[in-house]
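The structure appears right after this line, and notes come after that.
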Amino acid sequence: MSDSKVPKSRKSHLFKMAAKLTFQQGKKLFAQPSERVELLKEQAEVLVKSVGQLKGAAMKAIQSLSIEGYDFLPPEVVEILEKLQSKAPPVPNEILLTRLENELGKEKFLKISQIHSEPLAAASIGQVYEATIDNSPVVIKIQYPDVAQSVDEDIDTLKKLLKTLIFVSQKKINLDEVMEEARRVLKLETDYKHEEASLIRYKKLFKSSSYIIPTVYSEFTTSKVLVMSKEEGIEFSSWMRLRPNAEQRDKVADQLLNLYIKEFFENRLVQTDPNPANFLINPVGDMVLLDFGATLEFDVSFVKDYQILVRNVFSKNRDKILEQVLNLRFIDPRESEQAQEAFLDFLILSLKPFEDDLQPFDFSNNYYSQMVRSEAWRFSRMLKDSAPPKNLIFLHRKLGGIFMLLKKLDVKKDLSPFKAMMIDTNYY
């Protein structure tokens, strides 16, 4: 299928992709160990080609895998999946520039000059172009045709595929709430007026910080087109390829850690997409924040209860941890005592990097990452009734993504100040 348009029958496209992957998986069962990486690479290429054409929800799911897969997939496979982070197969310019003119009207469209012929980025929801308005450089994000209308079909199809996997695994997990949360967030992401409002709020909240937030051109923004100032900087992965020194990497690590604490604990407003393409590093090492479509607001009561949980985990008081976990509905009370204990073990291990005797913590420590993966796998196999908590899936997507970026930075950080900010500061 040509990349010239988004496939019309998304459902059949997803199931064809699943069939191809199943076939590749069958080949892998009979392959020699030395051949398995090559077969994994073939599967990754199938995923990238298929979901790159679909865009939308399916592409978002694979982008998450490219971030989360850093620890357990071969680097050759992750490198292929990373193509979807900012360089997915583009939709032809004429389709999107026609949409731009239709959205803005001819008079506003003619005020935009020097639109670059090649997109700056081709992402899951829209394509980004450089241009000029009133002699000022801007970037224009134009949403792909039919992506907003396809969210429901994509989520329903993915839901069926997941239910089949759950049935085969003989679990009783109900993913309805999780999938509905995914549907809600994806619909927010396809509404650029929501992103405009989030950008304006972030710019106000971060005005006295070193973080750089683009300025929205509201006159040129609609639900399908977002225009904002072009900010100088290099995308995180490209910046890492320039081999920044230890001091530069340490500064970026500080910014990532402070960002999560400021977003969640202080502002209760979190941009939940940790795609490396959403972080630019400018020439003086300050961070430019991009892509606010998946910005979520959290209730004061939830953030307060979450902070109490973190304090209990640090104190290792298992009775209080379990009480708060059940209170927050992070695990179903019907789970066995063994499963509940395994979940507590996982929570304690997750915050181990902050323990006093491990400072400075080495984020390149593969042993710790492998322990977390192993513990997560152990307790997830025990779970029979617990779906991922809907109010955590996107928050922890951001947290997990930041951890992966810190791992890539190869830094050693004294996390004591950040631990104090999480548990000692009263943000309410």
Rough spin-label spacing in nm, given labels placed 7 Å along Cα→Cβ, for residue 359 and residue 317: 2.2
Modelled FRET efficiency - R0 25 Å, residue 106 with residue 191, Cβ distances, 0.05 increments: 0.55
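Accessible area, 1.4 Å probe, largest first: how do 204, 141 sort?
Order by accessible area, largest first: 204, 141.
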Where labels lie 7 Å past Cα in the beta-carbon direction, separation of residue 380 and residue 229 in nm: 4.2
Whichever aspartates and glutamates have a C-alpha closer than 16 Å to that of residue 141, once near sequence neighbours (fewer than 8 apart) are set aside: 94, 101, 103, 118, 130, 189, 191, 195, 196, 219, 231, 291
Carbon/sulfur fraction of accessible area - region 258-315, other protein chains in place, 1.4 Å, %: 47
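For the ranges 270-276, 312-318, 258-264, 351-357, what's the packing order if you count other beta-carbon atoms within 10 Å of each residue, average per peptide, and put the highest first?
Values: 270-276: 22.7, 312-318: 16.1, 258-264: 19.6, 351-357: 13.6.
Most protected by this proxy first, the peptides run 270-276, 258-264, 312-318, 351-357.
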From phi via Karplus (6.51, -1.76, 1.60), per-residue ³J(HN,Hα) for region 352-367 in Hz, x at Gly/Pro: 4, x, 8, 5, 4, 7, 9, 8, x, 7, 8, 6, 8, 5, 5, 4
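If packing is taken as the average count of other Cβ atoms within 10 Å, what order do 100-109, 116-125 fall into, highest mean first?
Values: 100-109: 14.8, 116-125: 18.5.
Most protected by this proxy first, the peptides run 116-125, 100-109.
Could you tell me the calculated FRET efficiency between residue 284 and residue 237, based on Cβ-Cβ distance and R0 = 22 angstrom, to the nearest 0.05? Don't skip to the end; give the middle numbers.
Values: r = 20 Å, r/R0 = 0.89.
It comes out at approximately 0.65.
Working out 0.36 nm times the residue gap between residue 266 and residue 302, then minus their Cα-Cα distance, what length gain in nm do you get to one decimal? The partial results should precede the final answer.
Details: separation 36, 0.36 × 36 = 12.96 nm, distance 1.26 nm.
Length difference between fully extended and current span is 11.7 nm.
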Check: region 219-370 dipole with +1 on Lys, Arg Cβ and -1 on Asp, Glu Cβ, in debye: 120
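The values are calculated or read from the model by the stated rules, or taken from the named source; none is laboratory data. Since this is a predicted model, take the numbers as computed values, not measurements. Counting neighbours? That spans all protein chains shown, and the Cβs are built from the backbone with ideal geometry, glycine included. Quick note on the areas: whole protein, heavy atoms, side chains included, nothing else; ligands and nucleic acids left out. Shrake-Rupley method; radii C 1.70, N 1.55, O 1.52, S 1.80 Å.
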